[in-house]
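The values are calculated or read from the model by the stated rules, or taken from the named source; none is laboratory data. The structure presented is a predicted model; accordingly, all values stated were derived computationally and were not measured. Don't worry about glycine lacking a Cβ; one is built from the backbone with ideal geometry, like all the others, and counts go over all protein chains shown.
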Amino acid sequence: MAIDVASEQLTVQSDQPYGDGGDPRRITKINLGPQHPSTHGVLRLILTLEGETVLECVPDVGFLHTGIEKTAEFKTYHQALTLTDRMDYLAPLSNNLGYSLAVEKLLGMTEKIPERAVVGRVVLVELQRIASHLVWLGSSALDLGAMSVFLYCMQDREMILDIFELVSGVRLMTSYIAIGGLSADLPAEFVAKVQQFVDHFPARIQEYHNLLTDNEIWKERTIGVGILSQQQVIDYCLGGPIARASGLDWDLRRDMPYCGYDHYSFNVPTRTEGDAYARYRVRMDELTESHKIVQQALHALPGGPWRVDDPKIVPPPKYEIGTSMEALIHHFKLFTAGFRPEAGEVYQRIESPRGMLGFYIVSDGGPRPYRMHVRGPSFVNVQALPLLMQGGMLADVVANLASMDFILGEVDR
């Protein structure tokens, strides 16, 4: 092996050269990342190139190393909820839901959650799916040179974040979907605020289609790029829009329903091409389907209680704490000692914006999870990057990254 100082490349003589012929080949190794731009998180890709062709891609993860699962084992069940916000930080309400459903299953109270909380959860997580897909759409377009789309997507996402702020007081790390229902009741202006977005959004979806779907430059950069076959999707256990873009017709909301999703009418978009353009089309169709679910759930939203009536599991109303000694004791015990589920283990999965999100929790009868493990879809999906990159062009690396839509907070949880 010799170093060509002028080009800072490696010249490698190989008995089995890449491509035809037996001439020495010029191989370059470069790092893409771990700086944030274009990598959609703190991700390092070690790329081996021959000219502009990618011979090998090795993802290097672990830069965030947040230790969320182990930290949760030293928190009470209520305290651990706030950690879930920080995994997939573009879909914190989805994380809240998966965790809360798992703990509720551990407590044996799945059927006791009030209908207002169940339907409210559906409205919020589908709004969260739309907000997450808007970040994907805007950043993907920006990666490939379409700046206006990014600005429009952020404008629409602001409307959703305003709704989250209305219900929880927080725009991102809401911790709003909680064990036993919701952290607080949905405010009186919630329905009108969501309806305003519902009325506004269809025209915006059409505008995004007008800007990108038949855009020749967009199609040139995405069609035939990063192809994944259905068998590869199955072999690598990929899920979400990535799997559905390769023809795998699977969505947990329909096939293993939770939160009453079997009562809503919606389609599961699929494509068969398995390339970056197919992943774009699937997510665009999901924007429409989530919009339909939000409409249906909003019209079905009942009044009544918004969390279970069990002061040993959820805090008593604040107005009772100043007048009731029993309420004060419940409040003190809940926030200092927590509650104690019976010993056992549960696994709960939901359909997050990036695929199957699963929570495995083990209880030893104490106030904290004895073990907690999260099946993060982003971590599973990252392993497919070498498949996408190998044999492609360096210019397509960023397009492939964008089409996968993973979140490194969920990878390095």
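Criterion applied to Leu161, Leu134, Leu101 was being under 18 Å from the mean Cα position of the chain (by Cα), under 26 Å from Ala402 (Cβ atoms) and buried (at least 19 other Cβ atoms within 10 Å of the Cβ), and the one residue passing it is Leu134.
Where strands (runs of 3 or more DSSP E) fall entirely within segment 287-380, those with at least 3 residues that are assigned by TED's automatic domain parsing to the domain that holds Tyr261 and of a type in the set (A, V, I, L, M) are at 355-363.
Out of the residues in segment 307-365 meeting the condition of being polar (S, T, N, Q) and over 30 Å from the mean Cα position of the chain (by Cα), tell me which one is nearest to Ala72 (Cα to Cα). I'd like the intermediate steps shown before the answer.
Taking segment 307-365 first, the residues polar (S, T, N, Q) are 323-324, 336, 348, 352, 363.
So of that shortlist, the ones also over 30 Å from the mean Cα position of the chain (by Cα) come out as 323-324, 336.
Details: Thr323: 33, Ser324: 32, Thr336: 15 Å.
The residue in question is Thr336.
Might you let me know whether segment 372-394 holds any residue that is over 30 Å from Val268 (Cβ atoms) and either free of Cβ contacts under 8 Å to residues at least 12 places away in the same chain or crowded, with 22+ Cβ neighbours inside 10 Å (or both)? No, segment 372-394 has no match at all. Taking segment 135-223 as the region of interest, the helices (runs of 4 or more DSSP H) fully inside it that hold 2 or more residues being under 23 Å from Arg121 (Cα atoms) are 147-168, 190-208.
With respect to Leu248, is the statement that it is outside any loop (DSSP other than H, G, I, E, B), hydrophobic (A, V, I, L, M, F, W, C) and out of contact with any strand residue (DSSP E or B) (no Cβ under 9 Å at 6 or more places or on another chain) true? So Leu248 does not fit the description; no.
Here Ile217, Ile234 are screened, and the one residue that is farther than 30 Å from Gly180 by Cβ, among the aliphatic types (A, V, I, L, M), surrounded by fewer than 20 Cβ atoms within 10 Å (Cβ to Cβ) and touching a residue at least 60 places away in the same chain (Cβ under 8 Å) is Ile217.
Has segment 97-109 got at least one residue that is touching a helix residue (DSSP H, G or I) at 6+ places or on another chain (Cβ under 6 Å) and of a type in the set (Val, Ile, Thr)?
At the first step, the residues of segment 97-109 found to be touching a helix residue (DSSP H, G or I) at 6+ places or on another chain (Cβ under 6 Å) are 97, 99, 103-104.
In the following step, the residues that additionally are of a type in the set (Val, Ile, Thr) were identified as 103.
Scanning segment 97-109, I find at least one residue that is touching a helix residue (DSSP H, G or I) at 6+ places or on another chain (Cβ under 6 Å) and of a type in the set (Val, Ile, Thr), so the answer is yes.
Report yes if some residue within segment 390-404 is assigned to a loop (DSSP other than H, G, I, E, B), assigned by TED's automatic domain parsing to the domain that holds Ala278 and under 18 Å from Phe74 (Cα atoms); otherwise report no. So far as segment 390-404 goes, no, none of its residues is assigned to a loop (DSSP other than H, G, I, E, B), assigned by TED's automatic domain parsing to the domain that holds Ala278 and under 18 Å from Phe74 (Cα atoms).
Okay, residues lined up against (1) crowded, with 18+ Cβ neighbours inside 10 Å; (2) closer than 29 Å to Ile179 by Cα:
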| position | (1), (2) |
| --- | --- |
| Ile223 | no, no |
| Leu228 | yes, no |
| Leu252 | yes, yes |
| Asp255 | no, yes |
| Tyr261 | yes, yes |
| Pro305 | no, yes |
| Val308 | yes, yes |
| Thr336 | no, yes |
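Can you give me the number of residues within segment 71-94 that are of a type in the set (D, E, K, R) and under 25 Å from Arg129 (Cβ atoms)? Residues in segment 71-94 being of a type in the set (D, E, K, R) and under 25 Å from Arg129 (Cβ atoms): 3 in total. Of everything listed in (1) surrounded by fewer than 15 Cβ atoms within 10 Å (Cβ to Cβ); (2) touching a residue at least 60 places away in the same chain (Cβ under 8 Å); (3) among the β-branched types (Val, Ile, Thr), the single unmet condition for Ile242 is (1). Would you pick out the residues in segment 68-113 that are under 24 Å from Ile160 (Cβ atoms) and charged (D, E, K, R)? Asp85, Arg86, Asp88, listed by residue number.
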